[in-house]
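Enquirer: Below you'll find the structure I mean.
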Amino acid sequence: MNIRGPITINDIVAATGLSRATIDRVLNKRPGVHPRTQAHVLRVLARLENDGQSGQPEHFVLERREAYRFGIVVQAGATFTRSVLDTVEKMKEAESSAATLQAVASRSDEETVEHIRAMGKESEGLAVVSKNIEPVKSALKELQNAGKSVVALVSDLDATVRNAYVGIDNRAAGQLAGFILGRCLEASGEAKVAVVVGYFSYLCQEDREIGFRSLLRQRFPRIEIVEVIKGDDSREATYEAALRLFNDRRDIAGIYNVAGGNFGLARAIDEAQLVRRPLYIAHEVNEVTEPLLRRGVIDFLISQSVESLVRTSRQVLIDLRLGGGSVRELNHLPVHVVTEFTLVSSNGGK
């Protein structure tokens with residue numbers, strides 16, 4: 001099928017909220033698209049053609065913009081939460097889409113449950129960054145029982161309470177951190193390293209720590225993890241816990257932070273006045289980590305694009321709403337390793 005006249009694939013993308021790849025498959029009659037999605041695209045195309053003939057090309061796009069309403073609930077560190085909310089607002093201002101997004105921040109487990117239930121009533125699906133704990137899982141199961149879709153964003157959830165996951169492969173990210181740290185420290189012989197976590201109830205943090213530990217054990221057995229610091233994703237708690245560690249152990253050669261609290265961790269490193277500054281690996285490029293990377297406090301950042309996270313979660317929610325049979329359960333995004341020399345070309349944030 002060929003699109004004639006002023007109608008372009010971009011017009012159909014804006015009117016349907018689907019990806020260019022999906023539109024292309026439908027228009028060229030290629031397999032892999034659910035029949036309901038195919039029918040939806042063809043209805044949109046017919047309406048766009050009719051509107052073009054009647055001199056009202058914008059009518060359908062505006063009408064479809066309100067067709068799908070999805071929500072994003074973010075319970076995470078303050079810096080990452082702001083980056084998600086800001087990205088959602090920028091996307092609203094910059095583009096027209098058949099799927100509107102509303103994002104809210106949560107400061108506690110109780111508030112997360114409240115947001116899930118409140119936004120679930122107003123939306124046709126939710127993307128959620130949250131702990132994998134029973135109250136949250138119970139609220140998400142209620143949402144699914146009501147016919148709403150759930151996407152786990154950044155940190156996975158039990159497969160029984162979400163339809164899909166969008167984010168990096170966190171186990172592989174931890175292995176990557178272990179490989180970088182191991183290669184950098186192996187020449188010094190035996191080395192002692194520490195891991196900083198926020199909450200293991202975030203599966204992303206647990207998976208990163210597991211991947212890191214397993215890689216070191218398999219590839220660099222002379223490098224020993226001597227401490228796991230619990231920082232509660234807070235700069236204050238991370239600072240206090242890290243300073244206690246450095247006061248007790250002056251031989252820490254490397255630190256891998258799977259969570260937030262990087263400002264506090266950097267402050268503790270500075271105040272501890274260790275004989276040798278530890279190799280420091282963390283996650284996400286943001287307003288806190290970027291200056292630390294530029295100053296040489298952080299050596300490597302393992303990052304992902306927040307815009308890609310939001311866009312992909314929206315697309316998955318749309319496909320789930322349309323009954324797309326080809327929706328993947330696991331949607332792994334690319335991992336970026338950022339140093340002070342590659343910072344300009346990177347994007348992402350937590």
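Enquirer: Of Arg235, Arg276, which residue is of a type outside the set (A, V, I, L, M) and farther than 23 Å from Ser303 by Cα?
Expert: From the options Arg235, Arg276, the qualifying one is Arg276.
Enquirer: Scan region 145-158 and tell me whether some residue there is assigned to a helix (DSSP H, G or I) and outside the structural domain of Pro221 (by TED's automatic domain parsing).
Expert: Looking through region 145-158, at least one residue is assigned to a helix (DSSP H, G or I) and outside the structural domain of Pro221 (by TED's automatic domain parsing).
Enquirer: Go over the candidates Glu224, Glu290, Glu271, Glu240 one by one and state the one that is touching a residue at least 12 places away in the same chain (Cβ under 8 Å), closer than 17 Å to Ala191 by Cβ and of a type in the set (Asp, Glu).
Expert: Glu224
This table checks each residue for (1) assigned to a strand (DSSP E or B); (2) in contact with a helix residue (DSSP H, G or I) (Cβ under 6 Å, 6 or more places away or on another chain); (3) at pLDDT 95 or above.
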position	(1), (2), (3)
Ala242	no, yes, yes
Arg250	no, no, no
Ala253	yes, yes, yes
Leu265	no, yes, yes
Ala268	no, yes, yes
Glu271	no, no, yes
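Enquirer: Is one or more of the residues making up region 161-181 buried (at least 17 other Cβ atoms within 10 Å of the Cβ), of a type in the set (S, T, N, Q), touching a strand residue (DSSP E or B) at 6+ places or on another chain (Cβ under 8 Å) and under 22 Å from Ser303 (Cβ atoms)?
Expert: no
Enquirer: May I ask you to list the residues in region 260-306 that are among the acidic types (Asp, Glu) and surrounded by fewer than 18 Cβ atoms within 10 Å (Cβ to Cβ)?
Expert: Selection gives Asp270, Glu271, Glu287.
Enquirer: Give region 162-198 a look and list any residue that's in contact with a Cys (Cβ under 9 Å, 6 or more places away or on another chain), in contact (Cβ under 8 Å) with a residue 60 or more places away in the chain and more than 17 Å from Arg219 (Cα to Cα), or say none. Lay out the reasoning, then the answer.
Expert: To start, the set of residues in region 162-198 that are in contact with a Cys (Cβ under 9 Å, 6 or more places away or on another chain) comprises 167-168, 170, 173.
Remaining after also requiring in contact (Cβ under 8 Å) with a residue 60 or more places away in the chain: 167-168, 173.
Answer for region 162-198, where residues must be in contact with a Cys (Cβ under 9 Å, 6 or more places away or on another chain), in contact (Cβ under 8 Å) with a residue 60 or more places away in the chain and more than 17 Å from Arg219 (Cα to Cα): Gly167, Ile168.
Okay, residues lined up against (1) in contact (Cβ under 8 Å) with a residue 60 or more places away in the chain; (2) of a type in the set (Ser, Thr, Tyr); (3) touching a helix residue (DSSP H, G or I) at 6+ places or on another chain (Cβ under 8 Å):
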site: Thr87; (1), (2), (3): yes, yes, yes
site: Ala99; (1), (2), (3): yes, no, yes
site: Thr112; (1), (2), (3): no, yes, yes
site: Val129; (1), (2), (3): no, no, yes
site: Asn132; (1), (2), (3): yes, no, yes
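Enquirer: Any idea which of (1) within 23 Å of Leu140 (Cα to Cα); (2) basic (Lys, Arg); (3) modelled with pLDDT under 75 is the one Arg36 doesn't satisfy?
Expert: (1)
The values are calculated or read from the model by the stated rules, or taken from the named source; none is laboratory data. Bear in mind that the values here come from a model prediction, so they are computed numbers and not experimental data. Positions of Cβ are generated from backbone atoms using ideal geometry, with glycine treated the same way; all protein chains shown enter the neighbour counts.
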